[in-house]
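Nothing in this text is a laboratory measurement; each read-out follows from the coordinates by a stated rule. These figures come from a predicted structure and were not determined experimentally. Neighbour counts are summed over all protein chains in view; Cβ atoms, including those assigned to glycine, are modelled from backbone coordinates with ideal geometry.
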Amino acid sequence: MVTIQQQTRVAMIAAAAVCAVYFPTASIVGRSYAPRPVPPGAVKGIFGFEKLSTNGFAYLCRQPNFSVRPEVVIYENDKPLPGPGNATMRDIDGIGLGRYSQENGKGFVISASDNSNPRGNGND
């Protein structure tokens, strides 16, 4: 028969073992954490994508008072979308694969590099 003292002893040993593994591991992981690198230049996250057609790959991200800027590069998972950055709406919607464009007064029209839904594909 196991006594309360023996149960307490086993629980204390288990807690000590967990702490002996957890704290050194947390210390090592905490020191080696490196945040994602920020792409050069002004960075702004774009969110709130609207699907433009039922079967296509194009999504619109509205930007209030937007005007086209030739130097814009759109990133997905720290890599620039392959583009081209001045693709036609037909190519973005029909082919996708990271094509994008800018629309005066509207914002960006993009497709994810893998033609997935940018609203929920986990890519940043």
(request) Convert 4 °C to kelvin, take the viscosity as 1.567 mPa s, use the Kirkwood radius over C-alpha pairs of the stretch 49-110 as Rh, and evaluate the Stokes-Einstein diffusion coefficient in µm²/s, rounded to a whole number. (result) 112 µm²/s
(request) Read phi for every residue in the stretch 72-77 and hand back ³J(HN,Hα) as whole Hz from Karplus 6.51 cos²θ - 1.76 cosθ + 1.60, θ = phi - 60°, with x for Gly and Pro. (result) 6, 10, 9, 9, 9, 6
(request) For every other residue with a beta carbon closer than 13 angstrom to the beta carbon of GLY48, add +1 if it is Lys or Arg and -1 if Asp or Glu, then tell me the sum. (result) +4
(request) Quick one: angle between helix 4-32 and the longest Cα principal axis of the chain, in degrees between 0 and 90, rounded to 10, please. (result) 40 degrees
(request) Apply the Karplus parameterisation 6.51 cos²θ - 1.76 cosθ + 1.60, with θ equal to phi minus 60°, to every residue of the stretch 52-59 and state each ³J(HN,Hα) to the nearest whole Hz, in sequence, with x for glycine and proline. (result) 8, 8, 5, 10, x, 10, 7, 10
(message) At R0 = 35 Å, how high is the FRET efficiency between ASN55 and ALA26 if r is their beta carbon distance? Nearest 0.05 is fine.
(response) 0.15
(request) Pop out the ³J(HN,Hα) list for the stretch 85-97 in order, Karplus 6.51 cos²θ - 1.76 cosθ + 1.60 with θ = phi - 60°, rounded to Hz; leave Gly and Pro as x. (result) x, 10, 5, 7, 4, 4, 5, 4, 6, x, 9, x, 6
